[in-house]
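The values are calculated or read from the model by the stated rules, or taken from the named source; none is laboratory data. These figures come from a predicted structure and were not determined experimentally. Cβ coordinates were reconstructed from backbone atoms using ideal geometry, including for glycine residues, and neighbour counts include every protein chain displayed.
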Amino acid sequence: MLNFLNFMLSMLKKTLNKLIFRNRYIKIKIKGNSMYPNFLENETYIIDKKIDFSKLVRMQPILFLCDIHKIFHLKRLIAFSGEKVTIVDGKIYVENELMSDIDYGESKLSLIVSKNSFFCISDNFNSSGKNCDSITNGSISKEKIIGAILD
């Protein structure tokens, strides 16, 4: 009888964990080097899918669904709806404020982030603009945002 109760308790725990975990969180494994050196290939992270967009902060890593590849990408949020993003002489600015000392090479850009969208970039300047970030594909709509890394 004790074995049966332990088995049932174990099954109940697993079922509740799956129901709660899958509805709220997603586990991702880093593939590629677009977020190097801050996120390394094969590292695993938990993403909180219950996202409060009003609490997102600049430079926060977020996960979104790419329209081109139909897969998730982790990128760094640097600008919000209505903000002006420019890349001049390899440096990226938001509202004329320098965002990073990273040299983005020959990329040139000037845009206003679309309504209900975000501007996200890769951490690895060598791959930035060569993958699914906002330098290449423009603003990322709020509907495509899956969540943020769990603190």
Scan of the range 43-57 for residues that are touching a residue at least 40 places away in the same chain (Cβ under 8 Å) and either surrounded by 11 or more Cβ atoms within 10 Å (Cβ to Cβ) or touching a His at 6+ places or on another chain (Cβ under 8 Å) (or both), ordered by number:
Tyr45, Ile46, Ile47, Asp48, Lys49, Ile51, Phe53, Leu56
Selection from the range 107-151 of residues touching a residue at least 60 places away in the same chain (Cβ under 8 Å), in a strand (DSSP E or B) and surrounded by fewer than 16 Cβ atoms within 10 Å (Cβ to Cβ) yields Ile149
Flagged pairs (Cβ under 6 angstrom, 6 or more apart or on separate chains; first in the range 9-26, hydrophobic (A, V, I, L, M, F, W, C); second at pLDDT 70 or above) are Ile26/Ile47; Ile26/Lys49
Screening Asn116, Asn3 for residues that are polar (S, T, N, Q) and more than 20 Å from Ile140 (Cα to Cα) leaves only Asn3
Exception for Thr86 within (1) in contact with a Leu (Cβ under 9 Å, 6 or more places away or on another chain); (2) in contact (Cβ under 8 Å) with a residue 40 or more places away in the chain falls at (2)
State whether the residues of the range 37-50 include one that is assigned to a loop (DSSP other than H, G, I, E, B), out of contact with any Ser or Thr (no Cβ under 7 Å at 6 or more places or on another chain) and aliphatic (A, V, I, L, M).
yes
Subset of the range 94-104 (residues that are in a strand (DSSP E or B) and more than 19 Å from the chain's Cα centre (by Cα))
Glu97, Leu98
Need the failing condition index for Lys91 against (1) surrounded by 14 or more Cβ atoms within 10 Å (Cβ to Cβ); (2) under 16 Å from the mean Cα position of the chain (by Cα); (3) farther than 21 Å from Cys132 by Cβ, just the number.
(2)
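Condition check ((1) under 16 Å from Ser114 (Cα atoms); (2) assigned to a strand (DSSP E or B)) across all residues:
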position	(1), (2)
Val57	no, no
Ile68	no, no
Leu77	yes, yes
Gly82	yes, no
Thr86	yes, yes
Ile92	no, yes
